[in-house]
1. Ranking 26, 16, 78 by Cβ neighbours within 10 Å, fewest first, what do you get?
2. Work out the FRET efficiency for residue 81 and residue 37 from their Cβ-Cβ distance, taking R0 = 22 Å, and round it to the nearest 0.05.
3. Using packing as a proxy for protection, rank 28-40, 60-72 so that the peptide with the highest average count of other Cβ atoms within 10 Å comes first.
4. Under a straight-distance cross-link criterion of Cα-Cα below 17 Å, which aspartates and glutamates are reachable from residue 52, leaving out those fewer than 8 residues away in the same chain?
5. Test of understanding: what is the full-extension gain from residue 46 to residue 27, defined as 0.36 nm times their sequence separation minus their Cα-Cα distance?
6. Run the numbers for residue 16 and residue 73: contour at 0.36 nm per residue of separation, minus the present Cα-Cα distance, in nm.
7. Can you compute 3J(HN,Hα) from phi for each residue in the range 39-54, using the Karplus curve 6.51 cos²θ - 1.76 cosθ + 1.60 with θ = phi - 60°, rounded to whole Hz and x for Gly and Pro?
8. Show that you can apply the helix-only estimate: for the chain, add -39,500 (n - 2.57) for every DSSP H stretch of four or more residues, divide by all residues, and state [θ] at 222 nm to the nearest 500.
Amino acid sequence: MRKVTLQKVEWVIPILQMIDRLEEKLVEEKIITPFQLEMAKASSEQIKEIIKNLGTETLADDGLEKVIQGVTSIEEVLRVTAV
């Protein structure tokens, strides 16, 4: 296991501060919205949770509903959604 020393990580703080300032400036200048900023930081699981909370169906959910309705096959849904 590598030994982590203060000298090895002290450069991280200025970089994190710079990133924070850059994010603030992007929002301030309306280059991105606060929502876009949060989405960019979110993991794919967090994004799926946000979509679910918004009441939006995923492509797979919609496809399964169409399978139940007899509009398409489960094979087609699996092919398109790569589930």
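1. 16, 78, 26
2. 0.20
3. Working: 28-40: 10.8, 60-72: 13.2.
Put in order of decreasing packing, that is 60-72, 28-40.
4. 38, 61, 62, 65
5. Gain on extension, residue 46 to residue 27, equals 4.7 nm.
6. On the way: separation 57, 0.36 × 57 = 20.52 nm, distance 4.88 nm.
That pair, residue 16 and residue 73, stretches by 15.6 nm at full extension.
7. Couplings: 5, 5, 7, 6, 7, 4, 5, 5, 5, 4, 5, 4, 4, 4, 5, 6 Hz.
8. Details: 6 runs with 58 residues, N = 83.
When only DSSP H runs of four or more count, the value is -20500 deg cm²/dmol.
Any read-out appearing in this document is the output of simple, stated calculations on the displayed coordinates, not a laboratory observation. Keep in mind the model is a prediction, meaning the values are calculated, not measured. Using ideal geometry, Cβ is built from the backbone for each residue, glycine included, and neighbour counts are taken over all protein chains shown.
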